[in-house]
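Nothing in this text is a laboratory measurement; each read-out follows from the coordinates by a stated rule. Since this is a predicted model, take the numbers as computed values, not measurements. Methodologically, a virtual Cβ is constructed for each residue, glycine included, from the backbone with ideal geometry; neighbour enumeration extends over all protein chains shown.
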Amino acid sequence: MENLKSFMEQLPDLVMAYGIKVIFAIIIFYIGKYFASLSKRITVNVLSRKVDKTVSLFVANLAWAVVFTFTIIATLGQLGIQTASLVAILGAAGLAVGLALQGSLSNFASGVLLVMFRPCRAGDYIEAAGVAGVVDEITIFATRLKTPDNKIITLPNSSLMNGSITNFSMMSTRRLDLVIGVSYDADIKKAKQLLIEILENNEKVLKDPAYTVGLNDLADSSINFVVRPWVNSADFLATRFALLETIKLTFDEHGIGIPYPQMDIHVKELPSTPTH
């Protein structure tokens, strides 16, 4: 009875002391939870303008998890619970997971760098890690490419960041580099004039920057012209196909031969074999 009476006498003080801690712990928890949700919304709004939705959601969830973890630790600390051991356990668990997932973490870090430096984005046609295609999606650990023949290639993000990336879509214009060979007996002035007329009559060829047509090489079996028009990046392949076809038809029409590799064999007359 005396113990109960003593406890009842101390109860108001205990309620006052621990009640304030509980109230502040609840306030800390809800404020931290609010800021965790706020950080998630802000991250999604900022990243969704620049990167794929998958990446922005992942980073947003990661930001929420970090803020919420600190909120839990702060709440427990306010209640008087020792959090040093909890932080140590989380650190050890994080280290163990990190060692077990070195490759995945490398891909994740590379994904973050892809997001930050943006050497490519969804819709760009790139060449990297020995393959080429249109970037279909940049995910957390890998990047998906769609090839021109409609195949999907999945590349680890680390293979992209550790090698060179050729982005064919980043610039609005590209230069076509064609090498057109004509035979040595052809009229090269006429051939050059025909090439210029073909470029002038193609509406996809840009006037600025100006195209280049010049005699580049006296090769073994042909005289080679370089034809370098500028086109919009979206028109690159279509213009290349159209120009090659038009050049061949035009040269055939005007009697200008386009040689192919060939070899002339000269046979010397051998001395006659004496007969017996």
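Taking the inverse of the average 1/r across all pairs of different Cα atoms in segment 119-167, what Kirkwood radius in Å do you get?
10.4 Å
Treat the count of other C-beta atoms within 10 Å as a stand-in for reagent exposure and order Tyr30, Tyr125 from fewest to most. Mind dumping the intermediate values first?
Details: Tyr30 12, Tyr125 21.
If I rank by nearby Cβ atoms, fewest first, I get Tyr30, Tyr125.
Mean separation of Cα pairs under 8 Å and 6+ residues apart, divided by the residue count of segment 174-266: what relative contact order is that in percent?
Relative CO of segment 174-266 lands at 40 percent.
Length gain on complete extension for the stretch Ser37 to Met171, per 0.36 nm per residue less the alpha carbon to alpha carbon distance?
Length gained, Ser37 through Met171: 44.5 nm.
Specify whether the C-alpha gyration tensor of segment 200-268 places it in the rounded, prolate or oblate class, a ≥ b ≥ c being the square roots of the eigenvalues: rounded for a/c under 1.5, otherwise prolate if a/b is larger than b/c and oblate if not.
It is prolate, given that a/c is not under 1.5 and a/b is the larger ratio.
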